[in-house]
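Peer 1: A single structure is presented below for examination.
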Amino acid sequence: MSLIVAVNCDTQDLEYGVSGVDWVDLNLTNDELIFSNGSAVVADGESIPSESELTQAGTVISDTVDVIVAKYFLADASEGILREIHNAGNQNKRYVFAFDFDGATASEPVLELWDDDNLNTTDLTSLGAGTPANSWWRGVVTTYGAPGASWVGSKLAGDSSGHYLSLNNENGALSGADTLYCNLKIVIPAGTTSSGLEQPVFVVKYTSN
């Protein structure tokens, strides 16, 4: 059993593996996802930015309204460049993040977010500072259909009920090879006072036969 995680760096909202669509398989050791307001240097095709460049391109928060992060990128370590994930975020797009399984599973695959590789805490500010219901991260399963305009999704943090994604839309284990999909966005709550560089860990959990 093997799993490929891929991101759609094309503007076309088409399935993983379709010819002519720029899907990129992630190097799960070296690649990273970057979430930003964007700038001249934090942009599609530019070199992977420094921490100071990321800070300058950070999202401006508000005292009065929630702010949805505008830009989503893959930091492609093998190429040393940013690739924009054009259809990620608050858009009615289906084929954005793909999870390609080459065989059956014994349990339904789930996507979770944690502080680090220990997979036991959600203390990061963006994960709700220990309260998953306050997480900034939103996810929606799109395996069986597009999410709709201005989709709400689930607040993601840890493995408590309602705070992870069942990637097969709660239809159970996979009976054979299949590709599952989701979309993600970050919503920064109004009045947020904490800021800084955070690097939560994304994990796909499943059991195999």
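Peer 1: Got a number for residues in the stretch 164-195 being out of contact with any Cys (no Cβ under 9 Å at 6 or more places or on another chain), over 15 Å from ILE68 (Cα atoms) and in contact (Cβ under 8 Å) with a residue 40 or more places away in the chain?
Peer 2: Matching residues across the stretch 164-195 total 17.
Residues checked against (1) surrounded by fewer than 19 Cβ atoms within 10 Å (Cβ to Cβ); (2) of a type in the set (A, V, I, L, M):
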site: ASN120; (1), (2): yes, no
site: LEU127; (1), (2): no, yes
site: THR131; (1), (2): yes, no
site: ASP159; (1), (2): yes, no
site: TYR164; (1), (2): no, no
site: LEU167; (1), (2): no, yes
site: GLU170; (1), (2): yes, no
site: PRO189; (1), (2): yes, no
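Peer 1: Consider the stretch 85-117. How many of its residues are surrounded by 20 or more Cβ atoms within 10 Å (Cβ to Cβ), closer than 16 Å to ASN27 by Cα and of a type outside the set (Phe, Trp, Tyr)?
Peer 2: Of the residues in the stretch 85-117, 2 are surrounded by 20 or more Cβ atoms within 10 Å (Cβ to Cβ), closer than 16 Å to ASN27 by Cα and of a type outside the set (Phe, Trp, Tyr).
Peer 1: Also, quick follow-up: If you scan the stretch 43-79, which residues turn out to be surrounded by 14 or more Cβ atoms within 10 Å (Cβ to Cβ), touching a Lys or Arg at 6+ places or on another chain (Cβ under 9 Å) and closer than 15 Å to CYS9 by Cα?
Peer 2: ALA43, ASP44, TYR72, PHE73, LEU74, ALA75, ASP76 - these are the residues of the stretch 43-79 that are surrounded by 14 or more Cβ atoms within 10 Å (Cβ to Cβ), touching a Lys or Arg at 6+ places or on another chain (Cβ under 9 Å) and closer than 15 Å to CYS9 by Cα.
Peer 1: Could you tell me whether any residue of the stretch 50-67 is closer than 30 Å to MET1 by Cβ, out of contact with any Leu (no Cβ under 9 Å at 6 or more places or on another chain), among the hydrophobic types (A, V, I, L, M, F, W, C) and at pLDDT 95 or above?
Peer 2: The answer is no; no qualifying residue exists.
Peer 1: Within the stretch 116-135, how many residues are in contact with a Gly (Cβ under 9 Å, 6 or more places away or on another chain) and assigned to a helix (DSSP H, G or I)?
Peer 2: Matching residues across the stretch 116-135 total 5.
Peer 1: Kindly indicate whether TRP137 is of a type in the set (Phe, Trp, Tyr), under 22 Å from ILE61 (Cβ atoms) and either touching a His at 6+ places or on another chain (Cβ under 7 Å) or buried (at least 19 other Cβ atoms within 10 Å of the Cβ) (or both).
Peer 2: Yes.
Peer 1: To continue, here is another question. Starting from the stretch 1-15, keep only residues that are more than 16 Å from LEU184 (Cα to Cα), then list their pairs with residues that are outside any loop (DSSP other than H, G, I, E, B) and at pLDDT 95 or above whose Cβ atoms are within a distance under 6 Å, requiring at least 6 positions of separation or different chains.
Peer 2: If the second residue must be outside any loop (DSSP other than H, G, I, E, B) and at pLDDT 95 or above, the pairs left are LEU3/PHE101; ILE4/ASP25; ILE4/ASP100.
Peer 1: Suppose the filter is closer than 24 Å to LEU3 by Cβ and not aromatic (Phe, Trp, Tyr); does ASP123 pass it?
Peer 2: So ASP123 fails the test.
Peer 1: Right, here's the next one. Return the residues of the stretch 44-82 that are under 14 Å from GLU32 (Cβ atoms) and touching a residue at least 60 places away in the same chain (Cβ under 8 Å); say none if nothing qualifies.
Peer 2: Answer for the stretch 44-82, where residues must be under 14 Å from GLU32 (Cβ atoms) and touching a residue at least 60 places away in the same chain (Cβ under 8 Å): GLU51, LEU54, TYR72, LEU74.
The values are calculated or read from the model by the stated rules, or taken from the named source; none is laboratory data. Model, not experiment: these values are computed from the prediction. Cβ: placed from backbone, ideal geometry, glycine included. Neighbour counts: every protein chain shown.
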